[in-house]
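What follows is a short report on a single structure.
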Amino acid sequence: MSLTRQLKAYARDIGLDLVGVSPAVSPGGFTHLRGWLERGFAGEMRYMQRHAAAREHPRHVLDGVRSVIVAAINYRTAEPRATAPLEGRISRYAWGDDYHTVLGERLKQLGDFLHGACPSARTRSVVDTAPLLERDFARLAGIGWIGKNTMLIHKRLGSWLFLGALLTDIELEYDEPHAADHCGTCTRCLDACPTQAFVGPHQLDSRRCISYLTIELGGPIPEPLRPGIADWLFGCDVCQDVCPWNRKAPAGEETRFRPRPATEPVDLAWLLGASDDALRAWMKGSTLGRTGIAGLRRNAAIALGNSAHPAAAPVLTRALGHPDPTVREAAAWGLERIKTTESAAAA
């Protein structure tokens, strides 16, 4: 058995659902990335602009790289439950343990296997930790195609996939790129976006995306976009939920991605009233800390306002005394939204 086939077999043994190998080349999506940045679609994600040039070739991540091993884990572990008026939703990818840790551990094992077979090999693993266009290399490695919602899609597993890469200076056997696009004329993902973040197929304006607004954006969320956020507290899954390729995607077997306690759904009143220490303990080991405690409270206040439920009013009233001005402003907006809705209902 060749080294590449051994490597793939070992990858499956350690819980990686998909694995493919691509040559280290300039990804075709680099030109698209530059145009996307020039149009300002990255918003406040300035790191995208700072490291843009490095995404031109994986040699900027590992000098002398010859092969890119792309691996994926299915994170569809459960179906979301319906939320009550004072509850918020978290994107599936953040229900369980931090995928950077879980996938990073598997890639280290894969690297150790490679070093065992080729002691002189040089490797570097990447899980959103270096300027690499993972989805482009996943397509080049034959894993799937990039859908109109910019997500990588696999015909059997859909788009509920965490992607990581192991770069090496060893030349391996390369997979055929995934040339076909199986989205066809379907535009369900584009049409379903609550904030109309897609300006066209494969064109996401992050500044309007709920995931960006609830995670990446610091300070107040633009008011015109707040109603579209609905009850999303952290991230958004709408464009994936409506994708036909996800309809029959199987559940993943990785137990560490199953929902943690109080994450699916989240009690928004508790989140707004809990101490910072309690929230740190709740977020520990997950990706939820990325937006910060104040950001989560801001998001909770907006979701409570969108619920327009009278029971949210006292919770938001207490939040008017929060030390963070962004949280106070979101709470005031939420209260006004509840009052406006009640006035309209009484008219």
What translational D, rounded to a whole number of µm²/s, comes out for the stretch 234-308 from Stokes-Einstein when the hydrodynamic radius is the Kirkwood one over Cα pairs, at 20 °C and 1.002 mPa s? 150 µm²/s
For the chain, with all protein chains present and a 1.4 Å probe, just round the carbon and sulfur fraction of the accessible area to a whole percent. 52 percent
Per-residue accessible area, 1.4 Å probe, largest first, puts GLU264, GLU342, GLU38 in the order GLU38, GLU342, GLU264
Unpaired by the 4.7 Å Cβ criterion, cysteines found in the chain: CYS118, CYS183, CYS186, CYS193, CYS209, CYS236, CYS243
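Excluding ligands, DNA and RNA, what is the solvent-accessible area per residue of the stretch 272-323 at a probe of 1.4 Å, expressed in Å²? Display every interim value, and only then the final one.
Numbers: 2090 Å² over 52 residues.
About 40 Å² of surface per residue is accessible.
Which value, in Å², gives the accessible area per residue of the stretch 1-72 when a 1.4 Å probe is used on the protein heavy atoms? Each step should come with its number before you reach the end.
Details: 3520 Å² over 72 residues.
Roughly 49 Å² per residue, with all protein chains present.
Report the antiparallel proportion of the DSSP beta bridges in the chain as a percent, rounded to a multiple of 5.
Numbers: 25 of 27 bridges.
Of all bridge pairs located within the chain, approximately 95 percent are antiparallel.
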Which length gain, in nm to one decimal place, applies between MET45 and GLU105 when the Cα-Cα distance is subtracted from 0.36 nm times their residue separation? 18.9 nm
Leaving out same-chain residues fewer than 8 places away, which aspartates and glutamates sit with a Cα under 17 Å from that of LYS284? ASP97, ASP98, GLU264, ASP276
Interchain or long-range residues, amide H under 5 Å from VAL68's placed H: SER22, ALA24
What 222 nm value per residue comes from the helices of the chain, counting each DSSP H run with n ≥ 4 as -39,500 (n - 2.57) and dividing by all residues, nearest 500 deg cm²/dmol? -10500 deg cm²/dmol
Using a simple spin-label model with points 7 Å from Cα along the Cα→Cβ vector, what separation in nm is obtained for ASP191 and ALA281? 4.8 nm
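Net charge around PRO265, counting only other residues with Cβ within less than 13 Å of its Cβ (Lys, Arg = +1; Asp, Glu = -1)?
Working: positive: ARG81, ARG89, ARG92, ARG260; negative: GLU79, GLU87, ASP231, ASP237, GLU264, ASP267.
Every neighbour counted, the sum reads -2.
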Return a whole-number percent for the relative contact order of the stretch 17-82, with Cα pairs under 8 Å and 6 or more residues apart as the contact set. 56 percent
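Relative contact order for the chain: what is it in percent, counting Cα pairs under 8 Å that are at least 6 residues apart?
Numbers: 631 pairs, mean separation 76.3, N = 347.
This gives 22 percent for the chain.
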Got a number for the accessible area of THR340? Probe 1.4 Å, square angstrom, nearest 10. 80 Å²
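Give the shape of the stretch 191-347 as rounded, prolate or oblate, defined through the alpha-carbon gyration tensor: a ≥ b ≥ c are the square roots of its eigenvalues, a/c under 1.5 means rounded, and otherwise the shape is prolate if a/b is larger than b/c and oblate if not. Please list the in-between numbers first.
On the way: a/c = 1.73, a/b = 1.23, b/c = 1.41.
Since a/c reaches 1.5 but b/c is at least a/b, the shape of the stretch 191-347 is classed as oblate.
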Taking every other residue with Cβ under 14 Å from the Cβ of ARG124 and scoring Lys and Arg +1, Asp and Glu -1, one gets -1
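Lys and Arg at +1, Asp and Glu at -1: add these up for the other residues within a Cβ distance under 14 Å of PRO27 and post the number.
Details: positive: ARG34, ARG55, ARG59, ARG135, ARG139; negative: GLU56, GLU134, ASP136.
Charge balance near PRO27 sits at +2.
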List the aspartates and glutamates whose alpha-carbon lies under 12 Å from that of LYS148, not counting same-chain residues fewer than 8 positions away? ASP181, ASP191
So what does log10 I(q)/I(0) come out to for the stretch 1-137 at q = 0.15, 0.17, 0.20 Å⁻¹, using the Debye formula with one equal point on every Cα and no solvent? -0.89, -1.06, -1.25
Report the FRET efficiency, 1/(1 + (r/R0)^6), for ASP112 and THR31, where r is their Cβ-Cβ distance and R0 is 30 Å, rounded to 0.05. 0.25
Accessible area per residue, Å², the stretch 178-258 with all protein chains present, probe 1.4 Å: 47 Å²
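The values are calculated or read from the model by the stated rules, or taken from the named source; none is laboratory data. As the structure is a prediction and not an experimental result, all values here were calculated from the model. Cβ coordinates were reconstructed from backbone atoms using ideal geometry, including for glycine residues, and neighbour counts include every protein chain displayed. Ligands, DNA and RNA are excluded from the accessible area calculation, which covers all protein heavy atoms including side chains. Shrake-Rupley method; radii C 1.70, N 1.55, O 1.52, S 1.80 Å.
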